[in-house]
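The structure appears below as structure tokens.
The values are calculated or read from the model by the stated rules, or taken from the named source; none is laboratory data. Everything numeric here is computed off the predicted structure, so don't read it as measured data. Cβ sites come from the backbone with ideal geometry, for glycine too, and all protein chains shown count toward neighbours.
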Amino acid sequence: MPRPVDLLQGTLDLLILKTLSWGPAHGYAVARWIEQLTGEVLNVGEGSLYPALHRLEERGWVTSEWQLSSTKRRTKVYRLTTDGRGQLRAESSQWASFVDAVAKVLRAQEQPS
Amino acid sequence: MTRWLRYFEFFRRDPRRDIDDEIRAHLELRQADLVAQGFTPEVARARAQREFGDAAAVRETTVRVDERMMRREHRAEWWDTITRDVRVALRSLRANPGFAVSAIVCAAAGIGITAAIVSASYSVLMRSLPYRDSDRLVAIYAENTQHDWHGVNVSWGDFASWRDNNRAFQDGAAGVAIWTWTTNTLTSAATAGDDAERIYGAYVSWNLFRVLGVSPIIGRNFLPEEDAPGRNHEIIISHRLWTRRFGSDSALVGKTLQLDGRPWTVIGVMPPGFNFPDRGDAWEPFAADPNESHGNRQYAGAIGRLAPGVSVEQARADLHRIDADLEARFRDENLNWRAEVMPLRDDLVGNLRDPLKVLLAAVGLVLLLACINVANLMLARGASRAREIAIRSALGASRERLVRQLMTESLVVALAGGALGVGVAALVIRLVRAAFPGGLPFYITLGVDRAALAMVAAITIVTAILFGIIPAIRGSRADLNASLRDGARGGSGVDKARLRNALVVGEIALSAVLLTAALLLMRTYRNLHETPLGFTEQGIATAQLTLPRNAGYPTATDVQRFYARLFERLRNAPNVASVGAAQGIPFTGWDVQGDVHVEGEAPAPPGQELSTHFQYVSADYFKTMGVSLVSGRWLDASDADTLNLHVLITQQLVAKAFHGAEPLGKRVRIGRDPWATVVGVIQDYHHYRLPEPPPPAIFYSTAAYTPRQMTIAIRAKSGDPHDLVPLLRSAVREIDPQVALFQVQTMDEVVMRMLWRQRLMGNVLGTFAALALAMACVGLYGVVSYAVSQRTREIGVRVALGATRGTVLRLVLGHGTRLVMAGIAAGLVAAYFAMRILQTLLYGVHATDPMTFGIVALGLTAVALLAAAIPSRRATRVDPIIAMRAE
């Protein structure tokens, strides 16, 4: 099992938004999905997951509602809003150009003049 | 289920509980997963918890975020509600502009006028004077307990005794000071070539500024030794004179200026805004002769600073103790004389106190009226909307929502009224300021007081809200069925109608009171204005001048020669009918009196002396003033013999001193002055001020002796007497450019100035009364209109059954008439008792004058019935078919 990597700041928001773009989910599901998709390379600590979810809600990118789980428990389910979808699009393209730029540097063969 | 939970969430949202649930759910799900992977439940739970990490930190962060979010949401929701309410309120007010405008105007008028008058009163009655600890300063005059004379000048001897023997005043130099008025001709200044000008000032004992607690900003105060006769060469000038005449020359101190032809060294300049006694530009040392008699009461007054903790009463008692001692030692001079002590503020503003009290009372009524009117309008509006309220309530609007909506409407009206009221207040203050002749005295600073404005606005706004929500509360509680069935009649129409009727009766009563007060004051002014003065004030220009002893006029002959030349020039000028001069013309404050004694009659017993006005006048003075001769002859140049003085006397003196016997040829004298023979009797005329009766008076001739200070009076043959002023100025300048004219005014202006206070009171109360009448009419109009709209169907039925227009009009108007009559009756009864406070301000009319009350009753009836008649006419035009179908 590879050593988990800490997330870059702001990246977690992007991952959460992406996860929720498939449909409403509760916090545990979001965490599991991220871990599974990254082959458990990225470790989403619950210590930062829940504050991040609440902050996204505060900004209006996700909404939440309470549902009864299969075990008749109150569970909080998060859903992406239209604003959130737009934010996801914007952040994804930003992330892509960021990765692109970093990759260019790392692939460079010669020292710039 | 989800919907239900959402409601649940809405009402019971609790971030702490929510995050606990969320974390618990997380842990349970993780535990379940781990159990599925083969862990025992205990191990799974422990591992889930370990993986989750610091739950407390997570909880803290999320709770903070959630609470922030909730606060923001609440705020947005609240703001949203407000703006929605205000939008709805504005829309509904726009739909009914008559209501909105009347309510706003009433509120604005009430708030503005009341705030202005309350601020002005506060400023005049309460604000401290621009001296240090001014509430410890008192003015001291002399009073005579036997004659009941008050505010008499003081003597140096009495002052010195008070100063040296008191226990109630501040120790040392800051205790008691004496002062008296003076005017000087300032001739040469640091800047050469300036005209001679007359400046006002005062002789002050060296410590006066120490008593007042104000020091010069440039230079220094007087020293004790500079107050000695023959040592007084120093002068302190005002900041005003320093800037105006000397261009704020900082090197002025130490320089010399010429006053009345005598050099004075400027030693100090007082701070800007400093005034004493009233208006003054120069202060010179008092330099009294220390041996002056106690009976020589000729100095304006004394000022004292109370020792800390001493009351005015204690100070008065303290000085009376000294006076008792003086009375014992100087029987002739001090019998029945003692000090009159009053706070300095009272001395300055005392004559404004009564008028202000009346104004405050009047303005209280205006505010009450404005509030009633606003209340009435609110109730009327509520009544006309009873149906709307009932329907909205039926459609599910909560009572809270309805009340809030109506309250918002009231608030919008009240706040608009308040905002407008600030403007009205500023305007009223401007008018009051303009009403003071010759500008505001220094001790009054007029401005709109924020506290007063806030208080008054609060009263009005609370009224608006209170009466705005009464219909809402009633409407939302009302039986919906009844309300809809009754149509526009509303839920508890009878109750509300009764309340509104009562309010209208109150309004009419209040306007009756204000109208009565206004009418009484206006009649007072008219009575004073139309009082035959005994002289003809039209067409006369007047000016004072003083000939300085030290600059060309050392002897009485020099003075006489100057006036002779001046009269000669003026008499021969075109458009001059006649020229005269007197020591004091009427209504300018000059009033020297003495006890008169007729030769051959036993001297009056002490306390029975007849006090008479006396002064020197030139030969043509009375001809110029238009006072006619009753018997004997005028004074003329032949009356120059100082050993055999000739005098004119007034009819009053004939009546009081001669008891109607023939006075011509008899001899009279003032006190122990030389005897003088009566050569003529003149008609009585008012001299000191209205409404005081014409005084008994004796007039000596300037042919025998001419005082240095005289007031010239010139009568124009025709046209504006102002046109004579340039002539007078050039005549004086040609004879002696060093002589300054001052107090240049026409006799009309003098008379107007004397009556400004009465005129102001009449005008202000008149304005209030007009406003009150307008408000009452608006209220009455509203109530009658409402009644008409209520009875439209009834009227329709009556018309259908054959009622004529006259019958209908009587029916509707009868209601209005009953309200008007009740209001007037109540108002007149209230006025009967309230007008007593006016008594001291009235002249020639009694506070309960039946004619005034009659005029008020008739006028108010006429105007009020007109206001009721307009909506009543609408009732006569009711078409029975439409009226009955409308329901």
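The table for this structure:
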| read-out | value |
| --- | --- |
| Answer residue from the range B:331-371, given it is in contact (Cβ under 8 Å) with a residue 40 or more places away in the chain and over 25 Å from the mean Cα position of the chain (by Cα) and is nearest to B:F159 (Cα to Cα) among those | B:A339 |
| The range B:326-375: number of residues that are among the small types (G, A, S), farther than 23 Å from B:C777 by Cα and at pLDDT 85 or above | 2 |
| Identity of the residue in the range B:36-68, acidic (D, E) and more than 24 Å from A:T63 (Cβ to Cβ), that ends up farthest from the other protein chains (Cβ to nearest Cβ) | B:E42 |
| Where B:Y832 falls short, out of the listed (1) touching a residue at least 24 places away in the same chain (Cβ under 8 Å); (2) part of a helix (DSSP H, G or I); (3) of a type outside the set (G, A, S) | (1) |
| Any hit, the range A:98-107, residues being modelled with pLDDT under 90 and under 12 Å from the mean Cα position of the chain (by Cα) | no |
| In the range B:844-881, the residues that are outside any helix (DSSP H, G or I), under 27 Å from the mean Cα position of the chain (by Cα) and not hydroxyl-bearing (S, T, Y) | B:G844, B:V845, B:H846, B:A847, B:D849 |
| Those helices (runs of 4 or more DSSP H) lying entirely in the range A:9-89 with at least 1 residues facing chain B (nearest Cβ under 9 Å) and surrounded by fewer than 18 Cβ atoms within 10 Å (Cβ to Cβ) | A:27-37, A:46-59 |
| Condition broken by B:R75, with the remaining ones in (1) part of a helix (DSSP H, G or I); (2) surrounded by 14 or more Cβ atoms within 10 Å (Cβ to Cβ) satisfied | (2) |
| Breaking point among (1) assigned to a helix (DSSP H, G or I); (2) within 13 Å of chain B (Cβ to nearest Cβ), for A:V105 | (2) |
| Residue match in the range B:367-386 (condition: of a type in the set (A, V, I, L, M, F, W, C) and not in a helix (DSSP H, G or I)) | no |
| Meets criteria (touching a residue at least 40 places away in the same chain (Cβ under 8 Å), outside any strand (DSSP E or B), touching a His at 6+ places or on another chain (Cβ under 7 Å) and more than 21 Å from B:T183 (Cβ to Cβ)) for B:P271 | yes |
| Matching option when the condition is within 35 Å of the chain's Cα centre (by Cα) and assigned to a loop (DSSP other than H, G, I, E, B), among B:G295, B:G280 | B:G280 |
| Candidates B:G802, B:G762, B:G796 - the one that is at pLDDT 80 or above and on the phi > 0 side of the Ramachandran plot | B:G802 |
| Residues located in the range B:90-143, provided they are within 27 Å of the chain's Cα centre (by Cα) and assigned to a loop (DSSP other than H, G, I, E, B) | B:M126, B:R127, B:S128, B:L129, B:P130, B:Y131, B:R132, B:D133 |
| Residues of the range B:298-322 classified as surrounded by 18 or more Cβ atoms within 10 Å (Cβ to Cβ) and over 37 Å from the mean Cα position of the chain (by Cα), total | 1 |
| Qualifying residue in the range B:169-179 (condition: on the phi < 0 side of the Ramachandran plot, in a helix (DSSP H, G or I) and aliphatic (A, V, I, L, M)) | yes |
| Any hit, the range B:397-416, residues being at pLDDT below 80 and among the small types (G, A, S) | yes |
| The one condition in (1) among the β-branched types (V, I, T); (2) closer than 16 Å to B:N275 by Cα; (3) at pLDDT below 90 that B:T185 fails to fulfil | (2) |
| Qualifying position, being aliphatic (A, V, I, L, M), more than 30 Å from B:Q405 (Cα to Cα) and not in a helix (DSSP H, G or I), among B:V349, B:V363, B:V341, B:V358 | B:V341 |
| B:S215 vs. criteria under 25 Å from B:K255 (Cα atoms), of a type outside the set (A, V, I, L, M, F, W, C) and surrounded by fewer than 17 Cβ atoms within 10 Å (Cβ to Cβ) | yes |
| Number of the condition not met by B:I82 [criteria: (1) more than 60 Å from the chain's Cα centre (by Cα); (2) modelled with pLDDT under 90; (3) more than 9 Å from chain A (Cβ to nearest Cβ)] | (1) |
| Close pairs (6 angstrom Cβ cut-off, 6 or more residues apart or separate chains): without any contact (Cβ under 8 Å) to a residue 60 or more places away in the chain in the range A:60-71, among the charged types (D, E, K, R) anywhere | A:G60/A:D83; A:W61/A:D83; A:T63/A:R79; A:S64/A:E57; A:S64/A:K76; A:W66/A:R74; A:W66/A:K76; A:W66/B:E9 |
| Residue count for the range B:488-522, restricted to those that are acidic (D, E) and modelled with pLDDT under 85 | 1 |
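Conditions tested, residue by residue: (1) under 30 Å from B:R689 (Cβ atoms); (2) touching a Gly at 6+ places or on another chain (Cβ under 8 Å); (3) at pLDDT 80 or above; (4) not polar (S, T, N, Q).
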| position | (1), (2), (3), (4) |
| --- | --- |
| B:G782 | no, no, no, yes |
| B:Y786 | no, no, no, yes |
| B:T817 | no, no, yes, no |
| B:A834 | yes, no, yes, yes |
| B:T848 | yes, no, yes, no |
| B:F853 | yes, no, yes, yes |
| B:A869 | no, yes, yes, yes |
